[in-house]
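For reference, the structure is listed below as C-alpha cells.
What follows is calculated from the coordinates using simple rules that are stated; it is not laboratory data. The structure presented is a predicted model; accordingly, all values stated were derived computationally and were not measured. Here the Cβ is made from the backbone with ideal geometry for all residues, glycine too, and neighbour counts use every protein chain on show.
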Amino acid sequence: MSVLPTIPALTDFSVRLIAWQRQHGRHDLPWQNTRDAYRIWLSEIMLQQTQVSTVIPYYTRFLARFPDVASLAAAPADDVMALWAGLGYYSRARNLHRCAQGVVEQHGGVFPASVEALAELPGIGRSTAAAIASFAFGARATILDGNVKRVLARVFGVEGFPGEKRVENAMWVLAESLLPSNATNEAVVAYTQGLMDLGATLCVRGRPDCARCPFAADCVANVTGRQRELPAARPKKAVPTRRTWMLVLRDGNSVMLEKRPPSGIWGGLWSLPEAADEAALAQRARALGASAAVSPLAPLTHTFTHFRLDIEPRIVELNRVAGAHAALADGETAWVALSDIDAYGVPAPVRKLLDGLQGSLL
DNA sequence: GAAACGTGGCC
DNA sequence: TGGCCAAGTTT
C-alpha cells in the first residue's frame, strides 16, 4: 500500500517555492553566494544532522585553516580531527579528509559535477550529492534532508515515520517529481535553498508559522490542523546506560591522552585512558607510573543519541621517579599541557572535564 | 534494513 | 528535567 495520499493540485510547487525563497529565504549564510564546490561541500558535510548556528564557527575556523581541497588533502589527520572536535559524528571528519584526498588523486583536485560521481566519494550520500550538484553546478537534483521530509510530510500529508525505508522511498519519488523543469542554474539554487529555508524558518517542528507559508492554503497539515502529527514521530526506544572510569594522569600542568581506535564512539579522537571499573582503573594508573592514591573527581553524564554514558573521573599524580612520561599504554599516547588541549581532537565532555581542571588546579 | 554514530538547543 | 531531534551516511 502506498504511503502517499492523493496529491493536492500543486502543479506550481517549484514556482511558488522559488519565488518565496528569493523574497523571504536566507541569502547570507557563510557558504552561500559562492559556486566554489569545496566550500559548498564542506558546509554540507558539517550541516549533516547539525544545526546552522552550531556549524558557523566551525566552518569559519576550518576554512581559514584549509582554504582549498589541496590544503585539506595534505593535512595530517590529527589536525583535521582537532578542528572538528566538538562538532560530533567524527566519521564525517575522517571521511571529509579521505574525500579531499580522493578529489585530489582521482579528480585532479576538482570536484566532479555529477550527482553520481559525487555520491561515490566518502561521506557524500544521495542527498548531499544533490545539494552539492545543485548549489555548485546548477544540476537538477533533489535533496531529501530533515527539512524536506518535514515540509513534504505536512504539505502533502505523507503518513508514517520518514526514517522508515518505505516512507523515505516514497518521499524521494515525491521530491523528484516536484523539481522545477527548465530552470536556470540560479533558479535551481533558489529551489534547493528554498526547500531548506522553508523547513528551517517557517515549517519548523515546534510551532510552524503557517500564516507566512506560501503553501498554507494547500497544505494538508495546515488545512486539517495536523501540524503536530506530521511528520510522524520516531518510534520510542529505551536508551541504555553505560558506565566508564576515566583517568586524569597528571604531571604538573600536563595530562596524558590516549588515541581512540578509528571506529566506534569518538573514533580517532584523543581522550583520557579508560577502564571498566574502579579496580581496573587503579591498576592502569600504577602501570602508567602513578604511586599516589587515586582521587575521585565529580562524576558527569553525557547523553548520546543512542545511549547514556556515566563517567567516573579519577585523578592521580604521576610518580616521576618511576619513569617520567613512560608510554606504557597499549595504544598511542601523548602528554598535553592543559592550556594546549585545543590542539588535539578531544571529545566534548572530556574537554569540559579538563577545562574545569585547569581553572581549579595550581 | 536497522543500528551506530555527537552535540547542543528547545520546550 | 528530560525527551526529542537537527542541512545523513555508513556498516
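Among residues other than A:I315 whose Cβ falls under 12 Å from its Cβ, what is the net charge (Lys/Arg +1, Asp/Glu -1)? Let's see the in-between values first.
Working: positive: A:R250, A:R314; negative: A:D251, A:E312, A:E317.
Summing Lys and Arg as +1 and Asp and Glu as -1 gives -1.
Relative contact order of chain A: what whole-number percent is it, with Cα pairs under 8 angstrom and at least 6 residues apart?
17 percent
Which order do the peptides A:62-71, A:233-242 come out in when sorted by mean C-beta neighbours inside 10 angstrom, highest first? Write out the running numbers ahead of the final one.
Details: A:62-71: 16.2, A:233-242: 9.1.
Averaged packing, sorted descending, gives the order A:62-71, A:233-242.
Please work out the Cα center distance from the stretch A:174-203 to the stretch A:64-94, rounded to the nearest Å.
Comparing the Cα centres of the stretch A:174-203 and the stretch A:64-94, I get a distance of 30 Å.
With contacts defined as alpha carbon pairs under 8 Å and 6 or more residues apart, what's the relative contact order of the stretch A:44-101 in percent?
Here the relative contact order equals 40 percent.
Show me the ranking of peptides A:349-356, A:94-101, A:298-305 by mean Cβ neighbours inside 10 Å, starting with the highest.
On the way: A:349-356: 17.1, A:94-101: 20.6, A:298-305: 11.8.
My ranking of the peptides, most packed first, is A:94-101, A:349-356, A:298-305.
Could you work out the equivalent-ellipsoid semi-axes for the stretch A:241-358, taking the square root of 5 times each eigenvalue of the Cα gyration tensor, largest first, in whole Å? Don't skip to the end; give the middle numbers.
Numbers: eigenvalues 91, 50, 38 Å².
Semi-axis lengths for the stretch A:241-358 are 21, 16, 14 Å.
Have a look at chain A and give its Rg and Dmax from the Cα atoms, expressed in angstrom.
24.4, 80
For the stretch A:143-224, just say rounded, prolate or oblate: build the C-alpha gyration tensor, square-root its eigenvalues into a ≥ b ≥ c, call rounded for a/c under 1.5, and beyond that prolate if a/b exceeds b/c, oblate if not.
Judged from the Cα gyration tensor, the stretch A:143-224 comes out oblate (a/c at least 1.5, b/c at or above a/b).
If the label point is 7 Å along Cα→Cβ of A:R234, which residues in the stretch A:268-304 have backbone nitrogen under 19 Å from it?
Answer for the stretch A:268-304: A:302-304.
Sort A:267-278, A:24-35 for me by packing, meaning the mean count of neighbouring Cβ atoms within 10 Å per residue, highest on top.
Values: A:267-278: 18.1, A:24-35: 14.0.
Output ranking for A:267-278, A:24-35: A:267-278, A:24-35.
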